[in-house]
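Here the structure is laid out as structure tokens; the discussion comes afterwards.
The values are calculated or read from the model by the stated rules, or taken from the named source; none is laboratory data. Only a predicted model underlies this, so the values are computations on that prediction, with no experimental measurement involved. All Cβ positions, even for glycine, are placed from backbone atoms using ideal geometry, and neighbour counts span all protein chains on display.
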2 protein chains.
Amino acid sequence: MPSDGATRTQGAPQTGRRSTTVNPRAAHLAMALHCVAEQSGEISRAGISAATGLNRSTACSLIEELIDGGLVREVRDTGTTTRVKAGRPGTGLGLRDDGPAGLGIDVNVDYTAVCVVDLTGKVRYKHVVSEDQRGQGTREVLDRIARLARGAQNAAEDDGLILCGSAVAVPGIVDRRGATVTLAPNLGWHDLDVAEVLPADVHGERATLDNEANFAALSEQDLIRDGASYLYVSGQIGVGSGIVLDGRLYRGAHGWSGEIGHLTIDRDGPECPCGRRGCLERYAGHEAILRAAGVTAGAGTMLGVRPTAELIAGRAAAGDPATLAALARAGQVLGFALAGCLNLLDVGTIVLGGIYRDLAPWIGPEVEREVRAAFLGARWAQPEVRAAAYGAEAPALGAARSVVRDVINDPMRWLAR
Amino acid sequence: MPSDGATRTQGAPQTGRRSTTVNPRAAHLAMALHCVAEQSGEISRAGISAATGLNRSTACSLIEELIDGGLVREVRDTGTTTRVKAGRPGTGLGLRDDGPAGLGIDVNVDYTAVCVVDLTGKVRYKHVVSEDQRGQGTREVLDRIARLARGAQNAAEDDGLILCGSAVAVPGIVDRRGATVTLAPNLGWHDLDVAEVLPADVHGERATLDNEANFAALSEQDLIRDGASYLYVSGQIGVGSGIVLDGRLYRGAHGWSGEIGHLTIDRDGPECPCGRRGCLERYAGHEAILRAAGVTAGAGTMLGVRPTAELIAGRAAAGDPATLAALARAGQVLGFALAGCLNLLDVGTIVLGGIYRDLAPWIGPEVEREVRAAFLGARWAQPEVRAAAYGAEAPALGAARSVVRDVINDPMRWLAR
DNA sequence: GAGCGTATGTTGTGCCCAGCAACAAATAGA
DNA sequence: TCTATTTGTTGCTGGGCACAACATACGCTC
């Protein structure tokens, strides 16, 4: 007998049950929850069985676990749907709107926004603080974020929700793991761990970070994973984009994907702060549009991005010739650049976000014309160009949704909390 | 008693065991096979257990199944590795080179190539027929493909291999499912089902189709899935590319991704058959290089792509000033275009394939300079520009490898044959 | 309204398969 | 030769899914 207790000859014991490798139960729970989310309130256990191919008894067991975990509930008052088929009617299943919720935070140059989204994708809390953070210290800004996060948490709890994670959108570059801010020039941040300042009880796990264009892109994606590919173009101070390919956000080898603002339009064009000439931003950035529309540069730089877009949109709606010409020109150049992206990526849809959303009535047709003229596949499939569903709130909303999506895609992590 | 036999109240019976949904056994078999492939001959059952986190008994069971299925074998003569540790030495496991193999076919304008690759990634058979197919009928070309495929199959069987699938690379556009050729202008094909002409006993399943640039891109990828992202640029008659993101080929919403040949370099540049002006192909396509180097256009059009590249490379190696200037110019323009792609996609590596591979000594440095000057992330990470490992054989090789990769990624499909 | 057909939700059973522990086997070192 | 150590193998256990049978709840018909 070498020592007391059992002789350990098998190496380190596995933690729990096959959590390190493949977990079919987790996958099945996710499948069932997806079905419920897709047709919330209109699907029964038997329907899930049919949709997933799992046995009815298995579907029943999965649903029981999801109900016990507070993610799903039976909805009995489905009086709206008239029964036509014979047989025992199924009990409708729907997502709970008093379960886990995601916290999204958008830190920008002149405002900070937070929002809370529940399982069904509904926005349950929203708060925006407009304040120029350029003159302030990093500590000060981080403290404000933490304060806003706590406020959102309190509001969510009062509403019966449980925050299960948080995500922060920043105007800058984030490392590939989504852990630290590599560089956010307009905030004066570099190599900053934003997640650590968020109160620990808000998230349980560390907050996820990403570029605001990436999170804004996710705000356009349905909560249920579909495999669509699209390019979300975000007009802000610069021009950025978020790339969603086959339903997944593509962040790039270093997390720097989507930098289209400095695509060269004309090698002999105007100089750009990046050191080169004729970059897209110099034609279709908000400042370029302002200047072309005849708004004085001095006023433009003091205005935030949002009011600028509204101002331009107002002038365009009033029929101001200079503004209309400026927007047409910006749309042409933007469309020219996007056509190249489209030939490379072959995404089916281009979504105009940021200031381009408000300006879409004037920019959109120009973009569409350019894109259709230059897209090589245009003979067989017309790419769609459309305005984003959300404006300034898109990054915060997308961030919050990404948290919720994580729960829907892997409910077992929530159940095992 | 309603009828004879058991009353079916559970809907359609499941086929086998959870094959329709999540199959952990299949995933574990793939994990084990991946481990064997990564360190063929140098890993034991215990090593697989350690690498995967699965229990040693489970690893043992998985390996037994893989050995019985003819994918893995024990290698006993590992006399090279000197044992240093105490304890019973493990029996080495390696991929069998007499098991399943993949057939790759490359149909091009002036040649057709087939190759057979075994599980270890080794090329076991290769055959190229040079013949200009432009004047020939579709039926004629398809018959030649079928004949070449049968020849490859016979050779493979004589070599102890079992073809388990085939893939066909075509110079054109393929539908998203990889089932039919939408358009291959140089072959005069459209909406053609190439797979159906291949003898049924060659593949068991239908052959997979894809663009030659896509398959060529896959020839650069290691057989073991790593998550690398790179852009494979293929210089042929036109300029195409294959995009590999996070280890997966991205084919686009319609399967048309990677069309960089018509990115606009100069809106006032020379006319292009595509109807626009100043496309990349007009500067860096093989014909443009020929013309700039002073080779007469008449001779150039009659030459195949491959001899052209060798001719140019020969002149460059001999120090011909016109040729060197032409290549430098082509490299600059190509690098300029690729820098834009890099800012959009943030792939870590650019691979120069097709004719660019042979011309890489002269084009590569120019491309690298342009890319580093224009890539926004260049301050933090230098993108790598390198020549492809394979030249003309890349598409056929990549196609064959894709078949083998499918087996390695899902060995259960092979085992259940 | 009773009976029948039909679809749903639930429960017990068997089986696959991964983890666990013990054991036989094979080596290095004392 | 003996011991320590690592490997490969073999019963055993338990989770979880398919399967089948049953209870339940409706529409439809007479």
Only one of (1) of a type in the set (A, V, I, L, M, F, W, C); (2) part of a loop (DSSP other than H, G, I, E, B); (3) surrounded by 24 or more Cβ atoms within 10 Å (Cβ to Cβ) does not apply to B:Phe215, and that is (2)
Subset of the stretch A:133-183, residues part of a loop (DSSP other than H, G, I, E, B), at pLDDT 90 or above and exposed (fewer than 15 other Cβ atoms within 10 Å of the Cβ), comes to A:Asp159, A:Gly160
Look at A:Thr296 and say whether it is buried (at least 23 other Cβ atoms within 10 Å of the Cβ), over 25 Å from A:Ala216 (Cα atoms) and modelled with pLDDT under 95. no
Residue pairs within 9 Å by beta carbon, gap of at least six or interchain, first lying in the stretch A:367-389 and without any contact (Cβ under 8 Å) to a residue 24 or more places away in the chain, second surrounded by 14 or more Cβ atoms within 10 Å (Cβ to Cβ) and of a type in the set (Asp, Glu), listed first then second, are A:Gln382/A:Glu368
Residue pairs within 7 Å by beta carbon, gap of at least six or interchain, first lying in the stretch B:241-253 and in the same structural domain as B:Asp175 (by TED's automatic domain parsing), second of a type in the set (Phe, Trp, Tyr) and in a loop (DSSP other than H, G, I, E, B), listed first then second, are none
Within the stretch B:207-234, the residues that are within 20 Å of B:Val36 (Cα to Cα) and at pLDDT 95 or above are none
Within the stretch B:356-370, of all residues that are over 15 Å from B:Leu280 (Cα atoms) and surrounded by 23 or more Cβ atoms within 10 Å (Cβ to Cβ), the one nearest to the chain's Cα centre (by Cα) is B:Arg357
Could you go through the stretch A:307-330 and let me know if any residue there is in the same structural domain as A:Gly235 (by TED's automatic domain parsing), under 30 Å from B:Gly240 (Cβ atoms), surrounded by fewer than 24 Cβ atoms within 10 Å (Cβ to Cβ) and at pLDDT 90 or above.
no
Taking the stretch A:88-117 and keeping residues of a type in the set (Asp, Glu) and touching a Pro at 6+ places or on another chain (Cβ under 8 Å) leaves A:Asp106
Picking from A:Arg83, A:Arg88, the residue that is away from chain B (no Cβ under 14 Å) and either modelled with pLDDT under 85 or more than 11 Å from DNA strand C (Cβ to nearest atom) (or both) would be A:Arg83
When the stretch B:143-181 is checked residue by residue, the ones that are charged (D, E, K, R) and within 20 Å of the chain's Cα centre (by Cα) are B:Asp175, B:Arg176, B:Arg177
Note on the stretch B:340-365: residues more than 8 Å from every other protein chain (Cβ to nearest Cβ) and part of a helix (DSSP H, G or I) are B:Leu342, B:Ile355, B:Tyr356, B:Arg357, B:Asp358, B:Ala360, B:Pro361, B:Trp362, B:Ile363, B:Gly364, B:Pro365
If we keep only residues of the stretch B:243-279 that are more than 19 Å from the chain's Cα centre (by Cα) and assigned to a strand (DSSP E or B), then the residue farthest from the other protein chains (Cβ to nearest Cβ) is B:Glu271
Any chance the stretch A:263-285 includes a residue that's buried (at least 22 other Cβ atoms within 10 Å of the Cβ) and touching a Pro at 6+ places or on another chain (Cβ under 8 Å)?
yes
Does B:Arg124 meet the test of being among the basic types (Lys, Arg) and at pLDDT 95 or above?
-> yes
Exercise. May I ask you to verify whether A:Ala217 is more than 9 Å from chain B (Cβ to nearest Cβ), over 14 Å from the mean Cα position of the chain (by Cα) and under 16 Å from A:Leu397 (Cα atoms)?
Key: no
Next on the checklist: Considering only the stretch B:377-398, I want to know if a residue exists there that is within 14 Å of chain A (Cβ to nearest Cβ), part of a helix (DSSP H, G or I) and in contact with a Leu (Cβ under 6 Å, 6 or more places away or on another chain).
Outcome noted: no
